[in-house]
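The structure appears below as structure tokens.
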Amino acid sequence: MKIERYERWFLIAVAVALLLAVAALLATIAGEHAAFPESSERIDPALISSTAPFDQPGVYPRDDGGYDVIMIARTWAFEPAEMELPVGATAHFRIASVDVVHGFKIPDTNANAMIIPGQVTELEVTFDEVGPHSVICHEYCGIQHHIMGGVINVVGGEG
Ligand SMILES: [Cu+2]
């Protein structure tokens, strides 16, 4: 089979572009730690309020300088709904739903996950900007879905 010279160049250019796209994808996964939010464990929604750590939702300092943020999602609120974190801190969120599927989004960060009943959703967010950050449920969860939200106040940065 004869392939014209320009056609061969075009085939090579397309192959190179495809390889570059795959390489960029792999570099993003490896370099930026791109990953789906994981279901780290399963939990019975009926037992959440009596199961550690979800029996005491809140913000807890970790040994590595970050924070564990334990949250419960329910119709139609996050618990805690308001919290404070120092700027530059990495928050390790663990979120569980006691009822239906909820969403968890913090605009302008990498936080964008679903909170599925029966699973614990884990994600990490590093807060680099001082100020209030909205927490939004972006998964329709009932008639009052639009009021479901919270706020993370990122404070500090005196240095
Ligand atoms: Cu909702």
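The values are calculated or read from the model by the stated rules, or taken from the named source; none is laboratory data. Since the structure is predicted, the reported quantities are computational estimates derived from the model, not experimental observations. In this analysis, Cβ positions are derived from the backbone assuming ideal geometry, glycine residues included, and neighbour counts consider all displayed protein chains. Just so you know, the surface numbers come from the protein's heavy atoms only, side chains and all, with ligands and any DNA or RNA stripped out. Shrake-Rupley method; radii C 1.70, N 1.55, O 1.52, S 1.80 Å.
Structure values in brief
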| read-out | value |
| --- | --- |
| Sites Glu79 and His33, calculated FRET efficiency, Cβ-Cβ separation with R0 22 Å, nearest 0.05 | 0.20 |
| Listed residues Lys2, Lys105 arranged by accessible area, highest first, probe 1.4 Å | Lys2, Lys105 |
| For segment 145-154, 3J(HN,Hα) per residue [Karplus equation, 6.51 cos²θ - 1.76 cosθ + 1.60, θ = phi - 60°, Hz, x = Gly/Pro] | 3, 5, 9, 7, x, x, 9, 10, 8, 9 |
| Relative contact order of the chain, defined on C-alpha pairs under 8 angstrom at six or more residues apart (%) | 22 percent |
| Gyration tensor verdict on segment 99-159 (Cα atoms; rounded if a/c is under 1.5, prolate if a/b is larger than b/c, oblate otherwise) | prolate |
| Accessible area of the chain divided out per residue, in Å², using a probe of 1.4 angstrom | 62 Å² |
| Whole-percent carbon and sulfur share, accessible surface of the chain, 1.4 Å | 58 percent |
| Cα shape, segment 50-91, gyration tensor, a/c 1.5 rule | oblate |
| Selection of trypsin sites (Lys or Arg not before Pro), segment 4-95, meeting DSSP coil and at most 13 other Cβ within 10 Å | Arg62 |
| Sites Glu129 and Thr90 - FRET efficiency at Förster radius 22 Å, r taken between beta-carbons, to 0.05 | 0.95 |
| Where only alpha carbons of the chain are counted, the Rg and the Dmax (Å) | 21.2, 73 |
